[in-house]
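Below is one structure, written out as structure tokens, with a few remarks after it.
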Amino acid sequence: MMDHSEIVARVDSFISDLLNGNLDVYKASMHLVSAGGKRLRPLLTVRFYESLGGRAEDIIEAAAAVELVHNFTLVHDDIMDNDDYRRGVPTVHRVYGQPKAILAGDLLFAEAYKALSMSRVLNRDPERFLRSSMALTNNVILICEGQEMDITPPSKFNENFYYELIRRKTSALFIASATIGVYASGKYEYENAARAYGDGLGVAFQIVDDLLGIVGDAKETGKPVGSDLREGKRTLPISMAINLADEELKKMILEVYGKPSSDGKMQDIVSRIKSIGLEDKVLKIARKYADSALKSLEMIPESDSKRSLEELVELAIRRKK
């Protein structure tokens with residue numbers, strides 16, 4: 001099994017070589033990649049492939065493809081949300097301007113398919129490549145649907161809408177990442193396990209992400225304190241915070257919801273939200289989806305790579321950024 005840090009290094013090196021151009025569009029495309037990130041999606045591709053008997057070095061290009069798509073979605077998402085920071089650095093459109101940021105996102109998307117076509121293991125078998133290409137394509141379509149849902153949400157929080165949204169915006173690429181690892185192995189009988197894993201992990205991951213959007217440490221998340229409250233996002237943790245709050249706290253939350261606010265005032269509100277037990281209640285819900293992801297791995301053969309997939313689920317629940 002290849003070490004996590006080596007997978008990240010190889011994926012980053014491949015992407016850097018792929019985006020090694022002199023024009024600003026290449027520099028803008030590398031902006032968020034260079035800023036870091038968890039590389040969770042390419043790791044899923046590699047670990048599923050390894051767990052089914054493959055060698056990590058043979059799947060790096062395909063793993064890089066899902067990371068390129070992920071960064072494409074982030075660049076365009078930041079433009080639509082008018083966000084100022086991502087991964088602790090100014091967003092691409094803040095540094096390079098909106099037109100070049102749009103081009104950067106487009107380039108990342110195109111380079112993802114170029115990376116997929118360069119995969120040595122996928123090119124051994126047309127069916128492996130076709131399945132992987134369609135997995136990436138179909139899930140990007142779901143991401144686009146989710147993005148439209150995100151920018152045109154219902155006027156009031158709707159739990160069913162929330163889960164439909166995060167399954168498109170987050171779980172979709174997790175599913176693509178996991179299933180590409182399976183397709184590359186040629187052991188298609190594990191496809192449903194990979195899908196269930198990606199879905200459960202994606203939902204759990206996003207619920208925790210939305211929790212951090214309220215109570216996360218700005219030094220860890222790279223975003224302002226109470227960022228999702230400032231932006232007026234309609235998430236499960238925000239809805240739960242409002243429902244759990246007493247009248248005084250509820251009034252305070254609604255006063256800053258979707259509005260500019262001083263860090264001091266927001267920090268006071270966040271501290272009060274923490275005191276009502278929101279974190280434990282939200283994490284209990286995320287745990288249910290995490291357990292679903294773990295259960296889906298039961299049919300996967302025992303290996304260090306499978307144990308790594310199990311550990312990734314736990315890390316998604318316990319993370320601070």
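The values are calculated or read from the model by the stated rules, or taken from the named source; none is laboratory data. Since the structure is predicted, the reported quantities are computational estimates derived from the model, not experimental observations. Neighbour counts run over all protein chains shown; Cβ positions are idealised from the backbone, glycine included.
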Q: Report, by residue number, each residue of segment 80-102 that is surrounded by fewer than 19 Cβ atoms within 10 Å (Cβ to Cβ), hydrophobic (A, V, I, L, M, F, W, C) and under 21 Å from GLU148 (Cα atoms).
A: MET80, ILE102
Q. When both residues are 6+ apart or on different chains and their Cβ atoms are under 8 Å apart, which pairs have a first residue that lies in segment 30-46 and is within 14 Å of ALA112 (Cβ to Cβ) and hydroxyl-bearing (Ser, Thr, Tyr), and a second that is in a loop (DSSP other than H, G, I, E, B) and at pLDDT 95 or above?
A. THR45/ILE59
Q) If you go through segment 229-241 one residue at a time, do you hit one that is out of contact with any Leu (no Cβ under 7 Å at 6 or more places or on another chain), modelled with pLDDT of 95 or more and within 25 Å of ILE60 (Cβ to Cβ)? A) no
(Q) Given the options LEU103, LEU165, name the one that is within 16 Å of PHE72 (Cβ to Cβ) and assigned to a helix (DSSP H, G or I). (A) LEU103
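Here is a yes/no grid of residues against (1) surrounded by fewer than 24 Cβ atoms within 10 Å (Cβ to Cβ); (2) touching a residue at least 24 places away in the same chain (Cβ under 8 Å); (3) closer than 27 Å to MET118 by Cβ; (4) within 19 Å of the chain's Cα centre (by Cα):
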site: PHE157; (1), (2), (3), (4): yes, yes, no, no
site: ASN160; (1), (2), (3), (4): yes, no, no, no
site: LEU165; (1), (2), (3), (4): yes, no, no, yes
site: ALA172; (1), (2), (3), (4): no, yes, yes, yes
site: TYR188; (1), (2), (3), (4): yes, yes, yes, no
site: ASP199; (1), (2), (3), (4): yes, yes, no, yes
site: GLY202; (1), (2), (3), (4): no, yes, yes, yes
Q.
Tell me whether segment 77-85 contains one or more residues that are assigned to a helix (DSSP H, G or I), closer than 24 Å to LEU201 by Cβ, in contact (Cβ under 8 Å) with a residue 12 or more places away in the chain and over 20 Å from the mean Cα position of the chain (by Cα).
A. no
